[in-house]
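*Asks:* The following block contains the structure, expressed as structure tokens.
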Amino acid sequence: MQRNKTSTKIIKTALAVFYTFAFIQLSFAANLDYKLDAKQIAKDTYVFEGVNDDFSKSNGCNIINTGFIVTNEGVVVINTGVSKLYGEQQRQAIAKVTNKKIKLVLNLNLHPDYFLGNQAYADVPIAALPASIQGMKEEGASYTDNLYRICGDWMTATESKPATQVIQPGPMNISDANHQLELIQFNGHTAADLVLWDKTTGVVFVGGLVFADRVPTTPHANISEWFKSLETVSKWNTSKQIKALVPSHGPYNKGLEGIEQTKEYLTWLDQSFKNAALQGMDISEVLRLPIPYKFRGFAALKPEYLRNVTHLYPSYEKEIFKK
């Protein structure tokens, strides 16, 4: 009898601890707030600026710049952020600016912080380029697994929901004299980089082609193709065709500067890797190479350079072996 009482007491204590812990976790999750602030950058055009850093629990893994444009026909949302919670809070923040319905969501490429907030827009058409949709389907599960590990409770209930509508490059079918929207397809940062250009306001949402004050991410990069894409974007800038350029990461108001920053960093990276491969260096040696002073102030330098090397350097070694 005494043994049964003791066992019952232990079970009750264990359950109390479990439910207390669960309550604390739920309370913490309920209080998570990205504090999204819609910054107006042009007529009817807004940006939610992410933290210029690497993914971490302390910043909620909110490191991307997303945005939206309010047209006569409804709101066009550009990227939905890193989690279900981000997408929900993004949609709430948009509703504080306009009472117009969401017309369309665009995911500019396959990377997780471009589309893991899609769950919040289940009732809205969500569009992307075909290669991006395929990439989301193939890599979505691994993205969420990795980000749950890094971001913790910020990712609660987040599931990969790839875009369902294939978008075609060209003028968008939106009847609004204030917003002549055009979609342009590039590649280099990924195999399919979608860019949104509002030719009326001069604002370009350039996605991952441009990084400002930050080291570019390269998991799906083709450097030579990326250079070609950046040359085109540079020409838009030098010919004064654009007034503002929103980079995927970094200060939204430094996007035009980010064009040259990204070109310069990729040029150095490409030449550095070519020279290292010619000298027969292995990855550990490349990781110890000095980084030019002008890049040392870039955000996420240490983790991103490590990833740059591991993503890209093996292909430079293979090129040497072919010769």
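*Asks:* Suppose we filter the stretch 228-284 for residues that are crowded, with 16+ Cβ neighbours inside 10 Å and of a type in the set (Val, Ile, Thr); how many remain?
*Replies:* 5
*Asks:* Determine if the stretch 154-170 includes at least one residue that is within 29 Å of Lys35 (Cα to Cα), in contact with a strand residue (DSSP E or B) (Cβ under 9 Å, 6 or more places away or on another chain) and without any contact (Cβ under 8 Å) to a residue 40 or more places away in the chain.
*Replies:* Looking through the stretch 154-170, at least one residue is within 29 Å of Lys35 (Cα to Cα), in contact with a strand residue (DSSP E or B) (Cβ under 9 Å, 6 or more places away or on another chain) and without any contact (Cβ under 8 Å) to a residue 40 or more places away in the chain.
*Asks:* Of everything in the stretch 79-105 that's of a type in the set (A, V, I, L, M, F, W, C) and touching a helix residue (DSSP H, G or I) at 6+ places or on another chain (Cβ under 9 Å), which residue is farthest from Val166 (Cα to Cα)?
*Replies:* Residue satisfying both the conditions and the ranking: Leu85.
*Asks:* Restricting the stretch 234-251 to residues that are of a type outside the set (Gly, Ala, Ser), within 19 Å of the chain's Cα centre (by Cα) and not in a loop (DSSP other than H, G, I, E, B), which is farthest from Val203 (Cα to Cα)?
*Replies:* Among those residues, the one meeting the criterion is His249.
*Asks:* Given the criteria in contact with a strand residue (DSSP E or B) (Cβ under 6 Å, 6 or more places away or on another chain) and either more than 21 Å from Glu88 (Cβ to Cβ) or not aromatic (Phe, Trp, Tyr) (or both), does Ala127 qualify?
*Replies:* yes
Condition check ((1) under 27 Å from Ala221 (Cβ atoms); (2) touching a Phe, Trp or Tyr at 6+ places or on another chain (Cβ under 6 Å); (3) in the same structural domain as Ala212 (by TED's automatic domain parsing)) across all residues:
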residue	(1), (2), (3)
Ala95	no, no, yes
Val105	yes, yes, yes
Pro112	yes, yes, yes
Leu116	yes, no, yes
Gln119	no, no, yes
Pro125	no, no, yes
Ala141	yes, no, yes
Asp145	yes, no, yes
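*Asks:* Follow-up. Can we say Glu225 is among the acidic types (Asp, Glu), surrounded by 16 or more Cβ atoms within 10 Å (Cβ to Cβ) and assigned to a helix (DSSP H, G or I)?
*Replies:* Spelling it out, Glu225 is indeed among the acidic types (Asp, Glu), surrounded by 16 or more Cβ atoms within 10 Å (Cβ to Cβ) and assigned to a helix (DSSP H, G or I).
The values are calculated or read from the model by the stated rules, or taken from the named source; none is laboratory data. This one's a predicted model, so the numbers in the text were calculated from it and none came from an experiment. In this analysis, Cβ positions are derived from the backbone assuming ideal geometry, glycine residues included, and neighbour counts consider all displayed protein chains.
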